[in-house]
């Protein structure tokens with residue numbers, strides 16, 4: 001173990017951090033000794049994607065409080081019901097180990113098992129993301145001149161110009177902007193704590209402090225017992241931060257706890273989670289409309305400078321003709337421009353009204369916008385030709401079936417670009433996958449994609 005490894009700093013470059021992490025995992029973490037390590041860098045979709053490759057988030061009604069006997073701590077921590085029960089039993093088992101002397105009394109971690117973090121609200125994080133996005137959009141782009149940002153339609157005067165600015169921004173920088181909730185859930189901004197499957201135990205140690213983690217966990221005299229106890233109750237330890245434990249849904253032990261609450265691995269996500277894709281369309285429509293109306297509130301007017309000059313052409317002078325066929329002089333107007341004048345016109349911006357939404361910016365408008373936004377977020381996997389086909393198919397579905405079918409079809413198309421195809425099952429879904437990747441979809445076949453493609457971890 002080198003000093004270089006133990007004194008890692010987060011200020012190092014990305015490649016250095018990556019190399020040091022590999023060294024840390026190979027030299028310090030006994031991955032070959034235990035089979036219940038969890039690597040979040042590999043399993044980044046864990047708890048966020050169901051068995052049919054739908055992006056999901058937990059229903060709060062299935063959350064329960066974690067045992068926390070520390071009366072001084074005002075914080076209440078939560079996890080999904082079966083996870084909380086497994087943790088409670090794990091904690092009691094560990095305490096018995098302490099009382100019987102199996103767990104050695106040490107000054108570092110693993111002497112007690114107390115939660116310091118549980119479920120984290122995805123909704124709060126997403127709301128913060130939306131607020132930050134609006135602030136960046138306005139302050140860094142819309143209210144700055146085109147020469148500074150390269151953005152077309154800076155200082156938009158109406159909703160149409162506003163949306164052109166949004167389109168231009170997302171087209172060029174869409175991969176870094178997570179407007180839809182589905183994209184946000186799969187991003188690094190949405191940690192595994194939002195799944196309801198993860199719990200962190202004390203003491204609190206900096207995630208990047210490899211030296212402290214090594215002393216408190218991997219070199220701790222109780223680490224073997226700790227890992228064995230986690231496995232006994234269906235938990236994994238995060239390989240990068242062993243104080244974060246994650247419910248192993250594939251473990252028979254954790255599945256036994258699921259059964260206590262009438263759950264199985266097959267119906268867990270259907271019962272305890274929501275599908276984010278079912279709400280993305282409505283949220284994008286709502287947030288973009290709110291963005292514009294908030295922009296109008298913050299900047300109700302726009303001042304436009306116009307330059308003008310008077311041109312006089314009433315007086316004529318006689319000039320020789322340039323035409324060789326005539327010797328007669330012809331009259332030529334003398335054009336004279338007076339001093340150029342600048343005038344300033346103040347335009348009052350208008351908010352989107354309910355009438356506008358019902359007549360001009362209808363579902364037909366927003367379906368096109370929705371498809372474009374998702375494509376931008378995923379770094380433009382569909383070229384213009386295929387993108388147009390998806391738009392047309394969705395419009396046809398909306399016209400001939402209903403808006404829900406159109407939304408489901410769009411979600412099915414982009415699902416394949418969100419979730420790696422290599423880990424998505426192909427059973428009985430080959431037609432759906434072909435439709436999603438080629439967009440050669442007709443209205444009749446598009447209606448069958450609403451179920452999406454099936455897959456698993």
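The values are calculated or read from the model by the stated rules, or taken from the named source; none is laboratory data. Just so it is clear, the structure is predicted and the values come from calculations on it, not from any experiment. Because the Cβ atoms are built from the backbone with ideal geometry, glycine has one as well, and the counts that use them run over all protein chains shown.
How many residues does region 256-283 hold that are buried (at least 19 other Cβ atoms within 10 Å of the Cβ) and either closer than 16 Å to residue 118 by Cβ or out of contact with any strand residue (DSSP E or B) (no Cβ under 7 Å at 6 or more places or on another chain) (or both)?
Adding up the residues that qualify gives 7.
Evaluate region 389-397: report whether one residue or more is surrounded by 13 or more Cβ atoms within 10 Å (Cβ to Cβ), at pLDDT 95 or above and more than 27 Å from residue 175 (Cβ to Cβ).
Step one: filter region 389-397 for residues surrounded by 13 or more Cβ atoms within 10 Å (Cβ to Cβ), giving 389-397.
Filter again for at pLDDT 95 or above, leaving 389-397.
From what's left, more than 27 Å from residue 175 (Cβ to Cβ): 396-397.
Checked region 389-397: at least one residue is surrounded by 13 or more Cβ atoms within 10 Å (Cβ to Cβ), at pLDDT 95 or above and more than 27 Å from residue 175 (Cβ to Cβ).
Just to be sure before I move on: is residue 227 more than 27 Å from the chain's Cα centre (by Cα) and either modelled with pLDDT under 95 or over 18 Å from residue 37 (Cα atoms) (or both) in the structure I sent?
Values: more than 27 Å from the chain's Cα centre (by Cα): yes; either modelled with pLDDT under 95 or over 18 Å from residue 37 (Cα atoms) (or both): yes.
Taking the combined requirement at face value, the residue satisfies it.
Within region 297-319, can one find any residue that is touching a helix residue (DSSP H, G or I) at 6+ places or on another chain (Cβ under 6 Å), modelled with pLDDT under 95 and either closer than 28 Å to residue 127 by Cβ or assigned to a helix (DSSP H, G or I) (or both)? Full working, then the answer.
Let us first name the residues in region 297-319 that are touching a helix residue (DSSP H, G or I) at 6+ places or on another chain (Cβ under 6 Å), namely none.
No; the residues of region 297-319 include none that is touching a helix residue (DSSP H, G or I) at 6+ places or on another chain (Cβ under 6 Å), modelled with pLDDT under 95 and either closer than 28 Å to residue 127 by Cβ or assigned to a helix (DSSP H, G or I) (or both).
Can you work out which of the residues in region 143-163 that are modelled with pLDDT under 90 and not in a loop (DSSP other than H, G, I, E, B) is nearest to the chain's Cα centre (by Cα)?
The selected residue is 149.
Give the residues of region 349-370 that are under 27 Å from the mean Cα position of the chain (by Cα), assigned to a loop (DSSP other than H, G, I, E, B) and free of Cβ contacts under 8 Å to residues at least 24 places away in the same chain, sorted by residue number.
Here is the first cut: in region 349-370, the residues under 27 Å from the mean Cα position of the chain (by Cα) are 352, 357, 361-370.
After this cut, where a residue has to be assigned to a loop (DSSP other than H, G, I, E, B) as well, the list is 352, 361-362.
Within region 349-370, 362 is the sole residue that qualifies.
Tally time: how many residues in region 98-110 are in contact (Cβ under 8 Å) with a residue 24 or more places away in the chain and surrounded by fewer than 17 Cβ atoms within 10 Å (Cβ to Cβ)?
Of the residues in that region, 4 qualify.
Select, from 51, 6, the only residue that is surrounded by 13 or more Cβ atoms within 10 Å (Cβ to Cβ), at negative phi, modelled with pLDDT under 85 and not assigned by TED's automatic domain parsing to the domain that holds residue 416.
Values: 51 fails: modelled with pLDDT under 85.
Being surrounded by 13 or more Cβ atoms within 10 Å (Cβ to Cβ), at negative phi, modelled with pLDDT under 85 and not assigned by TED's automatic domain parsing to the domain that holds residue 416 holds for just one of 51, 6, which is 6.
Please identify the pairs in which a residue from region 223-238 that is outside the structural domain of residue 103 (by TED's automatic domain parsing) and in a strand (DSSP E or B) has its Cβ atom under 6 Å from the Cβ atom of a residue that is at pLDDT below 95 and crowded, with 21+ Cβ neighbours inside 10 Å, counting only partners at least 6 apart or on another chain.
none
So for region 122-129 (the condition being without any contact (Cβ under 8 Å) to a residue 12 or more places away in the chain, closer than 30 Å to residue 302 by Cβ and out of contact with any strand residue (DSSP E or B) (no Cβ under 9 Å at 6 or more places or on another chain)), does at least one residue qualify?
Scanning region 122-129, I find at least one residue that is without any contact (Cβ under 8 Å) to a residue 12 or more places away in the chain, closer than 30 Å to residue 302 by Cβ and out of contact with any strand residue (DSSP E or B) (no Cβ under 9 Å at 6 or more places or on another chain), so the answer is yes.
Tell me, yes or no, whether region 64-85 has at least one residue that is surrounded by fewer than 18 Cβ atoms within 10 Å (Cβ to Cβ), part of a loop (DSSP other than H, G, I, E, B), within 22 Å of the chain's Cα centre (by Cα) and not assigned by TED's automatic domain parsing to the domain that holds residue 181.
No, because not a single residue in region 64-85 is surrounded by fewer than 18 Cβ atoms within 10 Å (Cβ to Cβ), part of a loop (DSSP other than H, G, I, E, B), within 22 Å of the chain's Cα centre (by Cα) and not assigned by TED's automatic domain parsing to the domain that holds residue 181.
Please tell me if residue 179 is crowded, with 21+ Cβ neighbours inside 10 Å, outside any helix (DSSP H, G or I) and under 19 Å from the mean Cα position of the chain (by Cα). Talk me through it step by step, then tell me what you get.
Numbers: crowded, with 21+ Cβ neighbours inside 10 Å: yes; outside any helix (DSSP H, G or I): yes; under 19 Å from the mean Cα position of the chain (by Cα): yes.
So residue 179 passes the test.
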